[in-house]
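For reference, the structure discussed in these notes is given below.
The values are calculated or read from the model by the stated rules, or taken from the named source; none is laboratory data. Remember, it's a predicted structure, so these values are computed and weren't measured experimentally. Quick reminder, even Gly has a Cβ in these numbers, built from the backbone with ideal geometry, and neighbours come from all protein chains shown. When the accessible area is computed, the model is the full protein with side chains, heavy atoms only, and any ligands, DNA or RNA have been set aside. Shrake-Rupley method; radii C 1.70, N 1.55, O 1.52, S 1.80 Å.
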Amino acid sequence: MNLKEKMTDWKNRLKDRHMLSIIVLLGAIVIGFGVFTYKREQDIKQLSENSYNMAFFELVDYVQNVEAYLAKSLISTTPEHGAQTLTHLWREAGLAQSYLSSLPIESVELENTSKFLNQVSDYSYTLSRKNIYNESLTEEDLNNLASLHNYSVELKNTLVQLSNDMNEGRISWGELTKKGSVAFAQQVSNISKDSFSNLEENFHEYSGLIYDGAFSEHMTNPERLGLTGEDIDEEKAKQIAREYFGEDRIEEITSNGFSENGNIPSYDLYVKLKNDKNDASISISKKGGHIVFSNYNRDVELEAISNEQANEIGKKFLDEKGFQDMKETYYLKQQGILTINYAYNQNDVTMYPDLIKLKIALDNGEILGIETSGYLNSHKERNINKAIISKEDARKTLNKKLEIKSENLAVIPTEFRTELLCWEFKGTVDGSDFLVYINAENGREEDVLLIQNTPDGTLTM
């Protein structure tokens, strides 16, 4: 091969390698773009899934509230409170319908569910206007509400079951989107008593419940009536923490700063315990050095003491810490830990503003947590006026179907940061438990709470 032929051959080889490099480069680009596109699609899918999950669980929450307000509307006896309940119902049904429309399900059958929520919203609005003009609901109105309530119970049960299926991975949004008319619509819209009569109601998993007990949302007071004593510094706060946990248990206490803008200005401390993988936290008020909050999380493997024994341990603990005359009200049990809410009791009158919450381990009765903000905000010795409305007269204003189980006086807070002396009646209507509060001064129905007695505790709505 002469020189010219060699040069030609070398150029041809160079061209082939160049083409190969280009092909490899193009292949790499295509693969990289494919990976990028796939990842982007997965990210978008995940964002959509998160959005759908949020909308669905909001739907479950609002449908649960719809059922609760429908139940309350059946036993309200005064136009004033009836208007308030129905206005809440109108709002909750409207929000439930809004979140239902956000789900990626297109099904003719779902129109029944949407129609139901729309009907509840419109009808409750109409009845609330009637109550506002001081008109009582007719027997026909109450019957219609009862029918809507029955449907709402079935809808709620179905959504809870579907929620459990999704949480445990038995069904996904992809399946629901593909089989909307088969899966979602079949489980939600075509509701029948036979299909869902065996479903268990498990309300405590949803955030709509106020497990702190009745009136816990009104426990703030700008005057902080229970916050007594002189101001302390951080070193004094650390000493109070040592006394609370026990000097021999503490390895180190460090500061997490001073919460000046909170409801109760306090020193937040982190407590490292000796020979313990679990640490604790505690907040001590600057004024008076009161324990505002403390929490220590540990696993409770077995339950060796009963709820009743834990309650007695809790009351003894509070008494030793200077909180006398506390009465248990509501409780919740989760993973071997009993959370009990105590309210101050003055002359056999329950003071719901003065609330303390305790967490008690059911293996050995150890106090794992305390929250005293309600008590520190509101506690004082009150001048309790004699009830103008007798218990017998207050009882006459109740729904005739309410089977009374207990009755006593109670002071309840209002959203306007005032307090009302009321007769508290606990009773049952058609298998549901309620608390009804009748103003002891004027006989007005002030509030109605729905009680949920679950295997894990007593909750209120």
Would you check which residues across the stretch 422-461 are farther than 15 Å from LYS72 by Cβ, open to solvent by 20 Å² or more (accessible area, probe 1.4 Å), part of a strand (DSSP E or B) and at pLDDT 80 or above and list them?
TRP423
Please find, among LYS401, LYS426, the residue that is basic (Lys, Arg), in contact (Cβ under 8 Å) with a residue 24 or more places away in the chain and within 30 Å of ILE337 (Cα to Cα).
LYS426
Of the residues in the stretch 129-150, those that are within 19 Å of ALA68 (Cα to Cα) and either of a type in the set (Gly, Ala, Ser) or outside any helix (DSSP H, G or I) (or both) come to LEU137, ALA146, SER147
For ARG242, work out the one condition from (1) at pLDDT below 60; (2) in contact with a strand residue (DSSP E or B) (Cβ under 9 Å, 6 or more places away or on another chain); (3) not acidic (Asp, Glu) it doesn't fulfil.
(1)
The condition of being β-branched (Val, Ile, Thr), touching a strand residue (DSSP E or B) at 6+ places or on another chain (Cβ under 6 Å), touching a residue at least 40 places away in the same chain (Cβ under 8 Å) and within 19 Å of TYR344 (Cβ to Cβ) holds, among VAL411, VAL436, only for VAL411
Quick one: in the stretch 351-379, of everything that is part of a loop (DSSP other than H, G, I, E, B) and at negative phi, which residue is surrounded by the fewest Cβ atoms within 10 Å (Cβ to Cβ)?
ASN364
Scan the stretch 313-329 for residues that are more than 15 Å from SER378 (Cα to Cα) and buried (at least 23 other Cβ atoms within 10 Å of the Cβ) and jot them down.
GLY314
Can you find even one residue in the stretch 374-389 that is modelled with pLDDT of 90 or more, within 19 Å of VAL448 (Cα to Cα) and more than 28 Å from the chain's Cα centre (by Cα)?
yes
Within the stretch 399-418, work out how many residues are in a strand (DSSP E or B) and either under 30 Å from VAL153 (Cα atoms) or modelled with pLDDT under 90 (or both).
7
Report, ordered by the first and then the second residue, all pairs with beta carbons closer than 7 Å, sequence separation of six or more or different chains, a first member in the stretch 63-74 that is touching a residue at least 60 places away in the same chain (Cβ under 8 Å), and a second member that is surrounded by 24 or more Cβ atoms within 10 Å (Cβ to Cβ) and among the acidic types (Asp, Glu).
ASN65/GLU92; VAL66/GLU92
So which residues in the stretch 380-398 are part of a loop (DSSP other than H, G, I, E, B) and either of a type in the set (Lys, Arg) or touching a residue at least 60 places away in the same chain (Cβ under 8 Å) (or both), if there are any at all?
LYS380, ARG382, LYS386, THR397, LEU398
Where in the stretch 247-289 are there strands (runs of 3 or more DSSP E), lying wholly inside it, with at least 3 residues that are open to solvent by 30 Å² or more (accessible area, probe 1.4 Å) and farther than 16 Å from LYS236 by Cβ?
250-259
Determine if the stretch 332-342 includes at least one residue that is of a type outside the set (A, V, I, L, M), open to solvent by 40 Å² or more (accessible area, probe 1.4 Å) and at pLDDT 90 or above.
no
Complete set of residues in the stretch 292-302 that are outside any strand (DSSP E or B) and open to solvent by less than 100 Å² (accessible area, probe 1.4 Å):
ASN297, ARG298, VAL300
